[in-house]
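Structure, as structure tokens:
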Amino acid sequence: MLGRGILRGLVETWRNFQGSYYDPARLTTVQYPEEKLPPQENARTIPFLVYDGDDPMAGLRCTACSICAAECPAHCIHIVKDTAKKPDYLGKMQLQPKVFNIDMAVCMECGICAEVCPFDSIKMDHVFELSSSDPDMVLQKTDLAKSNDYFRKIHPTEAAAVDAARAAEQRKAQAKKEAVPGPSAV
Amino acid sequence: MNALDQIFVSLQRALAGLAPVPARPLLAMILNIAGLMAVFGTCFALTTILERKILGRMQNRFGPNRVGPCGLFQPLADGIKMLIKEDIVPFSADKTLHFLAPLALTVPVWLAFAVLPFGRNMSAVELDAGILFFFAIGSASELAVFMAGWSSQNKYSLLGAMRAIAQMISYEVPLVLAGVPVLMAAGSLSLPDIVQAQSGFVLGCVPRWNVFTPWGLAGFTLFLIAAAAESNRCPFDLPEGESELIAGYLTEYSGFKYALFFLGEYLGLFAVTGLAVTLFLGGWQAPAAWLDWLPSWGWFAAKFSALIFLFIWVRATLPRLRLDQLLMFAWKFLVPLALVNLFVAAVWWKWPAPLTARWLVCAALLAAPYVWLGRTWNGPTSQERHYHYAE
Amino acid sequence: MPNEIAFCLIAAPTAAFAVAAMTLRRLVHCALCAAAAFAGLAMLYLQLDAEFVGFAQLLVYVGAIAILIVFAILLTSGDEVRTGSSQFSPAWLAGLAVAVLLLAALALALLLSPSLHRLAPSAAAAPVKQIGQELMTRYVLPLEMIGILLTGALLGAVVIAMRDEPEVKPPASKRADPKETTSLP
Amino acid sequence: MNTPLSHYLLFSALLFGIGFAGAVARRSAILVLIGIELMLNAANLNFIAFWRYGPVAGALTGVMFVLFSIAIAAAEAAVGLALIIAIYRLRKTVQVDRLDTLKG
């Protein structure tokens, strides 16, 4: 009969109305600035640079290989290589970036940089409250550097995998070094 | 009881008595007008916030709760915002008509409140042809809508205005026809008389309100549906269907003129709701004899608020209709049913049978066309669609 | 005296609106001015204690006829102002002269007639109840005729304004035989 | 009511003249129709004025006449505008002086 669907709809909205006062399932709004949903592990916002140890600049994993800058579809990453080298976690001497800038006004948070990075150096962050009155939204190397602990905290699964892989490589390199004591070690 | 019941009447008399004798009628009128504007202005502000809160609750969210305690100062903030917004008039607009349209919409709507009886002895003007006045005043808003749509020189505005006018004209017919049985029953066009005709009780407990008769119930339902369409309420708010027409005839309005349209729309809803209360729900009468100690205006306010809540509830529930569905619904469903209802009302009053027999026969006389029309009227969508390539 | 002031206050704008309705260039403006003039007349009826007629005038003229006129203007694109062509008919001067003559004759007759300067009886009212009773007793035949006339006019207007192109019929066979539709590619 | 009857009748005559002039002098058929409506209204005003100033207050003839006249005006407007729309469809114009097919 005509009107039955309307009545059923009215009943449903009525249930919503009175349920919203006691049933949390019928009042699903999160009042943002005061309440925040816990971020999903796989969420990604802007990129950041991972460093090991305590000193952000010394422990930076980035080797200034510029793969990310080349792959970035928006061309928002600007890297200048430093002439000085420093040993990486395997003891190999690697380049390091003198300048590592990301223009956040251009970055579209696609995460391609994080995927192509062979050194697990660039990862995607969880922060999203980025609004600022500064019209120039270029983030410097110092702004981008965040510790491995932070990485572990926001992406526990991925960080564990990365740490395990790096530890395995380190062990392998260690074993190689011990097995073949080269002249360089002397 | 009597003092509380007549508190506004005696207050008005006392205040008007302060003036010198020749100025008294004028002052009394001004007091009436000021009272009406104050009450329904506040009512408008309250309804906007409550509507948004109730809609929110019905859609699993909070609604506005930021400004003031529980967001109660939201209408104030909205008003300030509307007032200080820039008033933009399109370059090619017809400036005079563009300016006059919001006024032409809002002023007649205020006039409509003059004849409504809000309580015992509480109507600003007691007109012999009160309900005719109400509908005559209401018909002025159509021209205002046309002025708004045409003067904006914008195709969305014009289309929205044409839709609004087609809708208002179509739904005015069932609106008036649904009210006619009440006039037949009361034998008067004067609204206080209609309320008086609904006093007393049947079988000792059921109030003699029109809504408690078969034709009254049907008329009430038809009246509410037509009233929702008349005041552009959801699900009949397609003159300003933002998904297709931006904002209909309001597209080129901003700032305070837009607020005036908004006010006019809500006041129209209030007026027609007040009329529904008067015609079908016994006006200011208490639902039971032992509840008579509550003031009459309190009962009116309670019934009025309940109907407003119903409108909000329906708005939260139903999606917007399509234009052809809307007009079909008016002409092919509401108008025939309203005519049948007229006949049923005549049967109810002229058939000297016992109450139960009359009830059953009248209800059957109404239910049969309802079911039949509901079966045959599947709307214009009854033609099944065939997809040749995308099966 | 206040009565006369009220009459002037209503009559002057009504006449002005009527003149505007007949002279303005854009048809929509004319229609709106005509609506205002009709509303002014309704006020005059109210001032003459004919409540019911006044509201009926408002309901029918402002609510229905003005809207009809506006619709007709928009449907016929009669509102397009053509440059270079006058809004007035070629013999407008003659028409105006005839109108003025007519007005002069009427006014002369009215002003010269002594019996028309009388004042109104103090009380007169057309109560709705009495109007209703008269409509149902003495004027029942005209009422029926009006009903028939209105129905006839309604049907006639629809028939006249209806498009007479044949309706495009939906392919009936496809609806009747669902197999045929499914056999289509 | 201390306005003399002649005021109303004069005003009505003025309105009639305006409507007549418009109906005769304008080219648009719609305006001709508006002019006719104005003339009709002028006549209605006469009826109401005569009823109000008439000797028999109880006789509602004037009021009744106006009510019927309003109803007929509604019918007239509907049919007239339908005719105008039909003519527009046929001739693509509503200017009365252009509808001259029968002119030799």
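The values are calculated or read from the model by the stated rules, or taken from the named source; none is laboratory data. Predicted model only: the values in this text are computed from it and were never measured. A quick note on method: Cβ atoms are made from the backbone with ideal geometry, for glycine too, and the neighbour counts reach across all protein chains shown.
The residues of region C:1-28 that are of a type in the set (A, V, I, L, M) and surrounded by fewer than 23 Cβ atoms within 10 Å (Cβ to Cβ), listed by number, are C:Met1, C:Ile5, C:Ala6, C:Leu9, C:Ile10, C:Ala12, C:Ala15, C:Ala16, C:Val19, C:Ala20, C:Leu24, C:Val28. Among residues of region B:7-32 that are at negative phi and in a helix (DSSP H, G or I), those with a Cβ under 6 angstrom from a residue that is surrounded by 13 or more Cβ atoms within 10 Å (Cβ to Cβ) and among the polar types (S, T, N, Q), sequence gap 6+ or separate chain, pair up as B:Val9/B:Asn121; B:Leu31/B:Gln12. Of all residues in region C:147-158, exactly one satisfies the criterion of being over 14 Å from D:Ile72 (Cα atoms) and more than 8 Å from every other protein chain (Cβ to nearest Cβ), namely C:Leu155. For region A:146-163, the set of residues classified as over 19 Å from A:Gly91 (Cβ atoms) and not basic (Lys, Arg) consists of A:Ser147, A:Asp149, A:Tyr150, A:Phe151, A:Ile154, A:His155, A:Pro156, A:Thr157, A:Glu158, A:Ala159, A:Ala160, A:Ala161, listed by residue number. If you go through region B:277-298 one residue at a time, do you hit one that is within 13 Å of the chain's Cα centre (by Cα), without any contact (Cβ under 8 Å) to a residue 60 or more places away in the chain and within 26 Å of B:Leu238 (Cβ to Cβ)? Within region B:277-298, none of the residues are within 13 Å of the chain's Cα centre (by Cα), without any contact (Cβ under 8 Å) to a residue 60 or more places away in the chain and within 26 Å of B:Leu238 (Cβ to Cβ).
Among the residues of region B:322-356, those that are assigned to a helix (DSSP H, G or I) and among the small types (Gly, Ala, Ser) comprise B:Ala330, B:Ala338, B:Ala345, B:Ala346.
Only one of the listed residues (A:Thr83, A:Thr29, A:Thr45) is within 30 Å of B:Thr317 (Cβ to Cβ) and of a type outside the set (D, E, K, R). That residue is A:Thr29.
Scanning region B:141-154 for residues that are within 12 Å of chain C (Cβ to nearest Cβ) and either more than 20 Å from C:Val62 (Cα to Cα) or surrounded by fewer than 23 Cβ atoms within 10 Å (Cβ to Cβ) (or both) yields one hit, B:Gln153.
When region B:83-110 is filtered for residues that are surrounded by 14 or more Cβ atoms within 10 Å (Cβ to Cβ) and of a type in the set (Gly, Ala, Ser), the ones remaining, listed by number, are B:Ala93, B:Ala101, B:Ala104. Take the residues of region C:69-87 that are facing chain D (nearest Cβ under 7 Å) and at pLDDT 70 or above: which is farthest from D:Gly22 (Cα to Cα)? Ranking the candidates gives C:Leu75 first.
For D:Ala78, state whether it is within 7 Å of chain C (Cβ to nearest Cβ) and either at pLDDT below 80 or over 22 Å from D:His7 (Cα atoms) (or both). So D:Ala78 fits the description; yes.
Just checking, does region B:270-281 include any residue being over 19 Å from B:Gly138 (Cα atoms) and part of a loop (DSSP other than H, G, I, E, B)? Taking every residue of region B:270-281 in turn, at least one turns out to be over 19 Å from B:Gly138 (Cα atoms) and part of a loop (DSSP other than H, G, I, E, B). Looking only at residues of region C:29-38 that are surrounded by fewer than 24 Cβ atoms within 10 Å (Cβ to Cβ) and more than 10 Å from chain D (Cβ to nearest Cβ), we find that the one that is farthest from C:Leu96 (Cα to Cα) is C:Ala36.
Among residues of region B:325-336 that are among the aromatic types (Phe, Trp, Tyr), those with a Cβ under 6 angstrom from a residue that is in a helix (DSSP H, G or I) and surrounded by fewer than 17 Cβ atoms within 10 Å (Cβ to Cβ), sequence gap 6+ or separate chain, pair up as B:Phe333/B:Leu373. Taking region D:27-66 as the range and being in contact (Cβ under 8 Å) with a residue 60 or more places away in the chain, at the interface with chain C (Cβ under 7 Å from one of its Cβ atoms) and either among the hydrophobic types (A, V, I, L, M, F, W, C) or in a helix (DSSP H, G or I) (or both) as the test, only D:Ile30 passes.
Within region C:39-60, track down each residue that is surrounded by fewer than 23 Cβ atoms within 10 Å (Cβ to Cβ), at the interface with another protein chain (Cβ under 7 Å from one of its Cβ atoms) and in contact (Cβ under 8 Å) with a residue 12 or more places away in the chain. Listed by number, the list holds a single entry, C:Asp49. Of the helices (runs of 4 or more DSSP H) entirely within region B:94-195, those holding at least 3 residues that are over 23 Å from C:Gly54 (Cβ atoms) and under 15 Å from the mean Cα position of the chain (by Cα) occupy B:155-186. Of the helices (runs of 4 or more DSSP H) lying entirely inside region C:1-76, those containing at least 1 residues that are of a type outside the set (Val, Ile, Thr) and within 15 Å of D:Leu15 (Cα to Cα) span C:2-23, C:27-47.
In region A:120-166, what residues are among the hydroxyl-bearing types (Ser, Thr, Tyr) and loosely packed, with under 12 Cβ neighbours inside 10 Å? A:Ser131, A:Ser132, A:Ser133, A:Thr142, A:Thr157, listed by residue number.
Candidates in region D:81-104 are the residues that are in a helix (DSSP H, G or I) and more than 8 Å from chain C (Cβ to nearest Cβ); of these, the one that is modelled with the lowest pLDDT is D:Arg98. Only residues that are more than 7 Å from chain C (Cβ to nearest Cβ) and either charged (D, E, K, R) or within 14 Å of C:Trp92 (Cα to Cα) (or both) were counted in region D:1-18, giving 0.
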